[in-house]
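The values are calculated or read from the model by the stated rules, or taken from the named source; none is laboratory data. These figures come from a predicted structure and were not determined experimentally. Positions of Cβ are generated from backbone atoms using ideal geometry, with glycine treated the same way; all protein chains shown enter the neighbour counts. With ligands, DNA and RNA removed, areas are computed over all heavy atoms of the protein, side chains included. Shrake-Rupley method; radii C 1.70, N 1.55, O 1.52, S 1.80 Å.
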Amino acid sequence: QMWEEAIALGKELAEQYENEMFDYEQLSELLRKQAQFYENIVKVIRPKPDYFAVGYYGQGFPTFIRNKVFIYRGKEYERREDFEARLLTQFPNAEKMKTTSPPGDDIKNSSGQYIQCFTVKPKLDLPSKFHRPVSEQIVSFYRVNEVQRFEYSRPVRKGEKNPDNEFANMWIERTIYVTAYKLPGILRWFEVKSVFMVEISPLENAIETMQLTNDKINNMVQQHLNDPNLPINPLSMLLNGIVDPAVMGGFTNYEKAFFTEKYIHEHPEDHDKIEKLKDLIAWQIPFLAEGIRIHGEKVTEALRPFHERMEACFRQLKDKVEKQYGTRAVISSLDDRRGSRPRSMVRSFTMPSSSRPLSVASVSSISSDSTPSRPGSDGFVLEPLLPKKMHSRSQDKLDKDDLDKDKKEKKKEKRNSKHQEIFDKEFKSTDISLQQSEAVILSETISPLRPQRPKSQVINVMSSERRFSVSPSPPSSQMTPPPITPRTKLAFSIQSNLELNGMSSSEISDVPPPLPLKGSMADYGNLMESQDLISPTTSPPAHQRVSP
C-alpha cells in the first residue's frame, strides 16, 4: 500500500515507454495504474504501523548488534507485546529490561543478554513539494513513512509535588533518535547513529498538548467532511473527552497552573508562551463547534441524549472561553470555494431579457470602496428607445401613445428597482474589492415597424448601392430613417397636390421617396438601370395613407 513509491517508479517506467521504447500499449496500462494509485491515496484508509526502539546490551550478543540501539518498523496493527514476543523467540536466553532509561556500564559489560524495547514516535518530515497546506489523507503517509527521526518522551517531576495539579511541575525528558537511513527501506530496521536529549518545561508541554489536540479535532472533522460514511464513535469519544469536564478536566488544570498571578510574577519570561496557550484555548472552540455540528447531523436517536448533554457542556465551555480569551472564527472551506460573483451579478441585472421591453440601461462605474454609485433611486436610467425624429402622426394619436409610454416606463422602473434591491443586497455581502471601471452602457435600438407591401408590389432591387427615386426634389446626401407608421394597409394613388394626411409636400421633409412608375402593368421587374432614362414628363406618384 505504499502507492506513493509505486507512482515514483511508474513515472520512471513511463519515461522509458514513451520516449525510448515507444510502447504506448504498456504506457496506457501504466497510466491507468497510476490513476488508481492516486485515487487510493485519497480514498483508502491505511493502517499506521508502530515503531519500536530495541537495545541489545551485554557481551552475549553478536558484535554487529552488541550494545547498540535499532529502530524497528512493526507490522500492521502489531502491539508492542506481540513484537516483544516475536523478538524474544530469536534470543530465548535474553532478559527483558523493565526500564526505558539507558543502562549502566555494568549491564553493558556483563556476559548476559539484556533487551530493552519501547515504542517511539516518528517525527514528520514533509517533502519540500508540500509548500502549502494539503489534505490530511495525503500527509498521513509521511507521518509513518520516509522518516528518519524518532522521539521518546518520558515525564520527570521536579520540585515539590502538587497534589491538586500535577501539570505544574511535570517536565518532559525527550530523547531524539536519528537512524542511518529513512524507514522503511530495504530493511524494516536500521541502526541509530545519533542520540540527543532535550527537556520540555511544563508550560511548553501544555502548549504542545493543546496544539496536538486542536490538530486532532481538525483532522477528524476534515475526514468526516470528506467521507460522510465514516463511523461516528471515534468522533463522539474525542469530543466528549474534551467538552465534558468530568472526563478529563480539559484545560482547567492549565489555568490553575500557569494563569495565576503567582506563576506570572515568578516567571516573567514566560509571558509570550502564556499568551500563546490562551490563543490555542480560544481556537479550540470553533473546532469543537464544527465537530459537534457534524456529530449532531450523524447521531442516531439512541445517542440523542448523549449528544444533547455534550451540547449543553459545550455551550457552558464556549461562554466561558469567549468571555476570558476572546472569539475566534474559522472560515469555512465551502465559502472559500463558493467565492463571490460581483461581475456576473452586474451582467445579469443590466442585460435586458429578450422577452422584456427593450430599454437603455446605464450603469455607472463602481467606486473603490465596493459601493455602487448610480444616479437615481433605483440605480437605472431609462431612456426612450425611439430615435429623435419627426413622427408623421396626428396629435391625438401622439398624446395617447405618450400616456401608454409613461405607464410602461413606470412599470419598468418598478421592476428594475426590485432588481436593484436584490443586486445591492447580494453585492454588499461580497467582501471583494473591484477596480474602478468605466461606465458600461448596454443599449439596443428597435427598428420601426413598416407595413408589408403586397407581393405584386415587391421591388427587385438590382443594385445594392443605388436607390431609385422619382421624387422631383434632389436626392439627399444623408438618408434619414423612415418614421414609425401604424400597421395599416396601404393604398397608392396619383394625386397632383401630393397630400399626405392633410399635410402638403412642403411641410413633409422626411417622407421616404415614393415608388417608381411601373414599366408594365404585370410587375416591377423591368426597372431601368439609370434614373436618367425615366421620362421627366411623367408626374411622380405619391403615398396616400388611408385611415382604417
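Values as computed for the structure displayed
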read-out: Given (1) closer than 20 Å to Val195 by Cβ; (2) within 44 Å of the chain's Cα centre (by Cα), number of the condition Glu136 does not satisfy; value: (1)
read-out: Cβ pairs under 9 Å, 6+ apart, first in segment 257-272 and over 18 Å from Gln324 (Cβ atoms), second open to solvent by less than 40 Å² (accessible area, probe 1.4 Å); value: His267/Leu203; His267/Phe258; His267/Ile274; Asp270/Ser201; Asp270/Leu203; Asp270/Phe258; Asp270/Tyr263
read-out: Hits in segment 72-102 - residues which are touching a Lys or Arg at 6+ places or on another chain (Cβ under 7 Å) and open to solvent by less than 40 Å² (accessible area, probe 1.4 Å); value: Tyr72, Arg73, Glu84
read-out: Residue match in segment 281-300 (condition: among the hydroxyl-bearing types (Ser, Thr, Tyr) and open to solvent by less than 60 Å² (accessible area, probe 1.4 Å)); value: no
read-out: From Leu225, Leu212, residue being open to solvent by 80 Å² or more (accessible area, probe 1.4 Å), outside any loop (DSSP other than H, G, I, E, B) and aliphatic (A, V, I, L, M); value: Leu212
read-out: Residues satisfying the stated conditions in segment 146-185, i.e. among the aromatic types (Phe, Trp, Tyr) and either under 19 Å from Ile207 (Cβ atoms) or in contact with a Ser or Thr (Cβ under 7 Å, 6 or more places away or on another chain) (or both); value: Tyr152, Phe167, Trp171
read-out: Scope segment 50-71; condition in a strand (DSSP E or B) and buried (at least 18 other Cβ atoms within 10 Å of the Cβ); matching residues; value: Tyr51, Phe52, Ala53, Val54, Gly55, Tyr56, Tyr57, Val69, Phe70, Ile71
read-out: Residue match in segment 24-41 (condition: hydroxyl-bearing (Ser, Thr, Tyr), surrounded by fewer than 17 Cβ atoms within 10 Å (Cβ to Cβ) and not in a helix (DSSP H, G or I)); value: no
read-out: Single unsatisfied condition, Ser153 versus (1) open to solvent by less than 30 Å² (accessible area, probe 1.4 Å); (2) not in a loop (DSSP other than H, G, I, E, B); value: (1)
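Yes or no, residue by residue, for (1) touching a residue at least 24 places away in the same chain (Cβ under 8 Å); (2) open to solvent by 20 Å² or more (accessible area, probe 1.4 Å); (3) in a strand (DSSP E or B); (4) among the small types (Gly, Ala, Ser):
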| residue | (1), (2), (3), (4) |
| --- | --- |
| Ile138 | yes, yes, no, no |
| Phe167 | yes, yes, no, no |
| Thr175 | yes, no, yes, no |
| Val178 | yes, yes, yes, no |
